[in-house]
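Written below as structure tokens is the structure these notes are about.
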Amino acid sequence: MEHNIPLRIVVVSPPAGVNFSLENNGHLVSVTQSTGEDIAFNFEAIVKPQRNTGFPNFTGPFARGTPSKRFFYINIGQSAGQADCEWSRRAKIWISFGYPKFNVQQEVTWQMVKEVYKNPNKVLMARYMGTDDEGGPSCASIGLIDGGWIVADR
């Protein structure tokens, strides 16, 4: 059983003047220079059961990591093609079940996947703060707002 579902990652209040992009097999997708307003990246992933656990396994050109340690990359600054930027960063947006251990968030369930798959007006969405405590772009393993991935309106 496989489902192709829409996903959205929202970078909330990123620092202005910095490029952000979604990574697809090492390529930059939807490069956007921040104005300070939220940036939304919309894409699709194939979801199928993990072989050993049966938990949702997100695959496709945007997915990184292993089935039990799955994430998506948001590239920032120089990593997003902005040569004159002082930052060269990437944010890891985790979607795996129970990993990493320090990143406590609501798990994506099959019920959530099926709700999005069956309703063309829904999307699986994650939001994170785009600015860190020092005013630069947030990077590395990112904690999500709203408790993790949620089903939202398209």
Within the bounds of the stretch 99-118, is there any residue that is more than 22 Å from residue 151 (Cβ to Cβ) and among the hydrophobic types (A, V, I, L, M, F, W, C)? yes
Does residue 29 count as open to solvent by less than 70 Å² (accessible area, probe 1.4 Å), in contact with a Cys (Cβ under 7 Å, 6 or more places away or on another chain) and among the hydrophobic types (A, V, I, L, M, F, W, C)? no
How many residues, within the stretch 34-79, are among the small types (Gly, Ala, Ser), over 17 Å from the mean Cα position of the chain (by Cα) and at pLDDT below 95? 1
Name every residue in the stretch 64-81 that is of a type in the set (Lys, Arg) and open to solvent by 30 Å² or more (accessible area, probe 1.4 Å), in order of residue number. 64, 69
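Residues are listed down the side, and each one gets a yes or a no for (1) more than 17 Å from residue 4 (Cβ to Cβ); (2) in contact (Cβ under 8 Å) with a residue 12 or more places away in the chain; (3) surrounded by 19 or more Cβ atoms within 10 Å (Cβ to Cβ):
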site: 59; (1), (2), (3): no, yes, no
site: 62; (1), (2), (3): no, yes, yes
site: 83; (1), (2), (3): yes, no, no
site: 120; (1), (2), (3): no, yes, no
site: 132; (1), (2), (3): yes, no, no
site: 146; (1), (2), (3): yes, yes, no
site: 152; (1), (2), (3): yes, yes, no
Given the structure, is residue 3 of a type outside the set (A, V, I, L, M, F, W, C), more than 20 Å from residue 145 (Cβ to Cβ) and in contact with a helix residue (DSSP H, G or I) (Cβ under 8 Å, 6 or more places away or on another chain)? yes
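The values are calculated or read from the model by the stated rules, or taken from the named source; none is laboratory data. All of these numbers come straight from a predicted model, not from anything done at the bench. Glycine also receives a Cβ, built like all others from the backbone with ideal geometry; neighbour counts cover every protein chain displayed. Surface accessibility is based on the protein's heavy atoms, side chains included, excluding ligands, DNA and RNA. Shrake-Rupley method; radii C 1.70, N 1.55, O 1.52, S 1.80 Å.
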